[in-house]
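Working notes, beginning with the structure itself.
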Amino acid sequence: MDNRVPPRAAGPGPRRRDRHGRGMRGPIAPPQVPLAASRAEAFADLVQDSVERLERRWPQLAEIDFLVLEVPALDGGGRGWSDDTVPLGGTVAAREGRPARVVVYRRPVEIRTKGRDERAALVHEVVVEQVAELLGLTPETVDPRYGED
């Protein structure tokens, strides 16, 4: 046989197909399907849903930035929180031209919940509590349905 296979090029190169000859793998689901959303994106959507629900009652919330962070940061020296309690959210007051901020910590909330519905309820509670703190109101005033579950 004169059909010799050319030698492989040295070093790693782009793969043309998988080793079983079926072609390269594609995404599991198209981007518009919820399955394609990462856990972080799904969590951010829960926070956004909660904020939109509250903005109908409190239009001044449009001036507040809502952020999602993975975990709370330790302040210098570890004075931010103790081993017994890890915050689920926090606030930063407005200052020097910066808007006030409400922060929701994704990982502590996810650890405390088992399903999407439970997670959505806890996210809403955290958002309501933090907004109440910023506005100087009680959570029941911010959302009359607070604590009904």
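Across all Cα pairs in region 92-149, the calculated P(r) in 5 Å bins from zero up to the longest distance comes to 4, 18, 23, 20, 18, 10, 4, 2, 0 percent per bin.
Quick check for you: with a 1.4 Å probe and neighbouring chains kept, what is the accessible area per residue of region 41-144, in Å²? Before the final figure, lay out the partial values.
On the way: 6280 Å² over 104 residues.
So region 41-144 comes to 60 Å² accessible per residue, rounded to a whole number.
The HN-Hα couplings worked out from phi for region 118-130 by the Karplus form 6.51 cos²θ - 1.76 cosθ + 1.60 (θ = phi - 60°) are 5, 5, 4, 5, 5, 4, 5, 4, 4, 4, 4, 4, 6 Hz, whole numbers, x standing for Gly and Pro. For R145 and E96, the difference between the fully extended length at 0.36 nm per residue and the C-alpha to C-alpha distance is 14.2 nm.
Computed log10 I(q)/I(0) for region 44-140 at 0.10, 0.17, 0.19 Å⁻¹: -0.27, -0.77, -0.95, from the Debye equation with unit scatterers placed on every C-alpha and solvent omitted. Full extension of the chain segment joining I111 with D45 gains 22.0 nm, where the gain is 0.36 nm per residue of separation less the Cα-Cα distance.
Each residue, E63 and A37, gets one label point 7 Å from its Cα in the Cβ direction; the gap between the two is 3.0 nm.
The values are calculated or read from the model by the stated rules, or taken from the named source; none is laboratory data. All values reported here derive from a predicted model rather than from experimental measurement. Backbone-built Cβ (ideal geometry, glycine too); neighbour counts: all protein chains shown. Just so you know, the surface numbers come from the protein's heavy atoms only, side chains and all, with ligands and any DNA or RNA stripped out. Shrake-Rupley method; radii C 1.70, N 1.55, O 1.52, S 1.80 Å.
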